[in-house]
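Following: one structure in structure tokens, then a few remarks.
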């Protein structure tokens, strides 16, 4: 009898997988599967509770805030950690703190250099205790990002969440679905860069079906839209977004998205077709291009120049609004 009890206990403990084992298992994949284990691996850190079950992480404040609308802080295209970039990130994180965001999204192109990637993730992990949701872009290798995130998590930054491995962030009032990489290998910066596949998009559709709150799609590249107001419009190349993402959005009835890749089209939000939408107003469908947080100047499609961009995305039931945060133009020496 005691032997039988020991076997049952051993089987139970073996089934109770630690999330670190899950991360190790998929560290060389651009995107992990939408699969789960039970019971949950639960950890608390600095006022936040993280309940990992493999492809889903349920995140809640230890002390809930009743009636608060979910707010996400949006970053992408950090690229380096030069003093000017770090100062810009400090400005944006201060704005996220003021807005009391529920999570900070880092939507790809953090860096192509492993050392810089380590520095950026370490800095972000120390700069904030809010959940950090990371995906790969077309600049970094997927495996390099996975390894960099793993190192920081082992060093204590357990609020740093890799949404290439975790496909669904289950927040309080919002579910963010992550897809790492890009759809066109011609735009990869490095050999071994991440090209997502049809099975990865299929996993997103299953994740959307499992969601119990408003769904927000997080990808580096945008869906295919139409016209010059769209978040995927590049002068001379027209609309360059992924038509497969557009099909997923329609098929899974996803109304909101975060897509920071096309720098010329940054600093705006549109509906699914590409029609520009005003800031700070709730919309039933909204897809935001937060642009690059890097302070190097970049000419935008609206004629203005970016010196670093970020955004806030507020979920209000079945509607969402956005606000673009613009870095100041550097002072002339």
note = Taking segment 316-327 and keeping residues over 22 Å from residue 109 (Cβ atoms) and buried (at least 23 other Cβ atoms within 10 Å of the Cβ) leaves 320
ask   = In this structure, does residue 230 turn out to be in a loop (DSSP other than H, G, I, E, B) and under 22 Å from residue 144 (Cβ atoms)?
value = no
inquiry  = Whether any residue in segment 119-130 is at pLDDT below 95 and farther than 20 Å from residue 49 by Cβ is what I want to check.
reply    = no
ask   = Hey, does segment 49-59 have a residue that's surrounded by fewer than 20 Cβ atoms within 10 Å (Cβ to Cβ), more than 24 Å from residue 209 (Cβ to Cβ) and either under 19 Å from the mean Cα position of the chain (by Cα) or touching a residue at least 12 places away in the same chain (Cβ under 8 Å) (or both)?
value = yes
ask   = Has segment 282-290 got at least one residue that is surrounded by 24 or more Cβ atoms within 10 Å (Cβ to Cβ), in a loop (DSSP other than H, G, I, E, B) and in contact with a strand residue (DSSP E or B) (Cβ under 6 Å, 6 or more places away or on another chain)?
value = yes
inquiry  = Residues to consider are 171, 192, 181, 236; find the one that is more than 19 Å from residue 284 (Cβ to Cβ) and modelled with pLDDT of 95 or more.
reply    = 171
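For the structure I just gave you, tell me whether residue 73 is in a strand (DSSP E or B), buried (at least 18 other Cβ atoms within 10 Å of the Cβ), at pLDDT 95 or above and on the phi < 0 side of the Ramachandran plot.
So residue 73 passes the test.
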inquiry  = Here is a check on your reading of the model: is residue 274 under 17 Å from residue 139 (Cβ atoms) and either at pLDDT below 95 or not in a strand (DSSP E or B) (or both)?
reply    = no
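One line per residue, one yes/no per condition, for (1) part of a strand (DSSP E or B); (2) over 23 Å from residue 135 (Cα atoms); (3) modelled with pLDDT of 95 or more:
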site	(1), (2), (3)
6	no, yes, no
12	no, yes, no
24	no, no, no
27	no, no, no
50	yes, no, yes
63	no, yes, no
66	no, yes, no
message = Could you tell me how many of the residues in segment 195-211 are at pLDDT 95 or above and either closer than 14 Å to residue 109 by Cα or assigned to a loop (DSSP other than H, G, I, E, B) (or both)?
response = 1
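Quick one: is residue 144 over 25 Å from residue 246 (Cβ atoms), in contact with a helix residue (DSSP H, G or I) (Cβ under 8 Å, 6 or more places away or on another chain), at pLDDT below 95 and not in a strand (DSSP E or B)? Show your work before the answer.
On the way: over 25 Å from residue 246 (Cβ atoms): yes; in contact with a helix residue (DSSP H, G or I) (Cβ under 8 Å, 6 or more places away or on another chain): yes; at pLDDT below 95: yes; not in a strand (DSSP E or B): yes.
Answer is yes for this residue.
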Residue ID - surrounded by the most Cβ atoms within 10 Å (Cβ to Cβ), chosen from residues in segment 105-118 that are assigned to a helix (DSSP H, G or I) and in contact (Cβ under 8 Å) with a residue 24 or more places away in the chain = 117
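So which of 237, 209 is without any contact (Cβ under 8 Å) to a residue 40 or more places away in the chain and surrounded by fewer than 21 Cβ atoms within 10 Å (Cβ to Cβ)?
After applying the criteria, what remains is 237.
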inquiry  = Given the condition modelled with pLDDT under 95, surrounded by 23 or more Cβ atoms within 10 Å (Cβ to Cβ) and part of a loop (DSSP other than H, G, I, E, B), answer yes or no: does some residue in segment 94-104 qualify?
reply    = no
inquiry  = Checking the conditions here, which among 157, 136 is out of contact with any strand residue (DSSP E or B) (no Cβ under 7 Å at 6 or more places or on another chain) and under 25 Å from residue 295 (Cα atoms)?
reply    = 136
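The values are calculated or read from the model by the stated rules, or taken from the named source; none is laboratory data. None of the values given here were measured: they were computed from a predicted structure. When we count neighbours, we look across all protein chains shown, and the Cβ atoms used for this are built from the backbone with ideal geometry, even at glycine.
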